[in-house]
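K.L.:
Before I ask anything, here is the structure I am working with.
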Amino acid sequence: MQTTSHIMMIRPVNFSFNAETAVNNAFQVATESDDAQDKAAAEFDGFVGKLQQNGIDVTVIHDTPEPYTPDSIFPNNWVSFHDDGTVVLYPMFAVNRRAERKPQVLENIFGKFDHSQLIDWSKEEAADRFLEGTGSMVLDRENKICYACLSPRTSQELVGQFCQQFGYSAVTFFSRDQQGREIYHTNVMMCVADQYVVICLDSITDPAEREMVAEKIRQSGKKIIEISIDQMNSFAGNMLQVNNKDGKKFLVMSSQAYHSLSANQQQELESFNPIIHSDITTIETNGGGSARCMMAEVFLPLKSLS
């Protein structure tokens, strides 16, 4: 199953520009705003409301003021929840992001969903090896393909470890922006849905790697929908396909991402499924992440009512 109707989201309490992550996240822009937290919380609530109005189950967990976690709004980087009941905790590049692995978050999820095992790879931080969840890896769950652009936050060795654990094949490559800097997370340059892949192939600067990735997508039977570097910079790669309680699929993105798309691209995507978009400008600007980063998919089985 490529999509789920269950999403975990963390409502921020101390949202702000994080200098520790900005060292290798070119999407972040420090602003002079004193009310970033208030604006981010309002954007968060509006986004959650749109998902819920469309029948998507969102488990909202309120962050705690301590320890200080300015990026807690992006939980998909530190945890993933799998349909076999496995939960994985990931090693994080920024020291102040490691504190996002708060026990109360997992306790909340485990009150609603069953889990069979917890795998904790956070010890890899001591060896300076990082893998930031479904930010570092974009998963084709049905075809068991793990796409990963390598960067300081995405270790090739740990991608291999994930693939061995879950039976995926790894497709690794390098993705760069206009200045030649490595793209910090794979999920800002590509999105895998059930029948299509949205991807900025132009960011894969090595022609052999670019063709290798494109061919792998074609072999998986999915249609390639290309976006430009400028559209990637507007977070048009940071999308997530979800389904609602009735099984209807949607593609979720920010309003900035949606408006960066051409009319033809919008029409092509909507030929597969409706689009949900929401204005999260403050979150995107200060946090350097967008809609997909805010949603941790929960594939765990629901607890029985008994």
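K.L.:
Consider Gln117 against the criteria (1) modelled with pLDDT under 95; (2) surrounded by fewer than 15 Cβ atoms within 10 Å (Cβ to Cβ); (3) within 26 Å of Leu302 (Cα to Cα): it satisfies all of them except one. Which criterion is unmet?
P.N.:
Gln117 satisfies every listed condition except (1).
K.L.:
With modelled with pLDDT of 95 or more and over 19 Å from the mean Cα position of the chain (by Cα) as the only criterion, which of Asp84, Asp140 stands out?
P.N.:
Asp84
K.L.:
Right, next: Would you please name the residue that is nearest to Gln265 (Cα to Cα), looking only at residues in segment 145-185 that are of a type in the set (Val, Ile, Thr) and in contact with a Leu (Cβ under 9 Å, 6 or more places away or on another chain)?
P.N.:
Looking at the filtered set, the residue picked out is Ile145.
K.L.:
Suppose the filter is buried (at least 23 other Cβ atoms within 10 Å of the Cβ), modelled with pLDDT of 95 or more and not in a strand (DSSP E or B); does Gly160 pass it?
P.N.:
No; evaluated as a whole, the condition is false for this residue.
Residues checked against (1) in contact with a Leu (Cβ under 8 Å, 6 or more places away or on another chain); (2) in a helix (DSSP H, G or I); (3) buried (at least 19 other Cβ atoms within 10 Å of the Cβ); (4) modelled with pLDDT under 95:
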residue: Glu209; (1), (2), (3), (4): no, yes, no, no
residue: Asn264; (1), (2), (3), (4): no, yes, no, no
residue: Gln267; (1), (2), (3), (4): no, yes, no, no
residue: Ile283; (1), (2), (3), (4): no, yes, yes, yes
residue: Gly289; (1), (2), (3), (4): no, no, yes, yes
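K.L.:
Return yes or no: is Val88 closer than 17 Å to Pro301 by Cβ and of a type in the set (A, V, I, L, M)?
P.N.:
Taking the combined requirement at face value, the residue satisfies it.
K.L.:
Restricting attention to segment 87-123, and to residues there that are without any contact (Cβ under 8 Å) to a residue 60 or more places away in the chain and assigned to a strand (DSSP E or B), which single residue is nearest to Ile7 (Cα to Cα)?
P.N.:
Step by step, filter segment 87-123, then rank; the result is Leu89.
K.L.:
Does segment 261-285 hold any residues that are of a type in the set (Ser, Thr, Tyr) and closer than 14 Å to Ile225 by Cα, and which are they?
P.N.:
If the condition is that a residue be of a type in the set (Ser, Thr, Tyr) and closer than 14 Å to Ile225 by Cα, then Ser262, Ser271 are the ones that fit.
The values are calculated or read from the model by the stated rules, or taken from the named source; none is laboratory data. All of these numbers come straight from a predicted model, not from anything done at the bench. Virtual Cβ from ideal backbone geometry, glycine too; neighbours counted across all protein chains shown.
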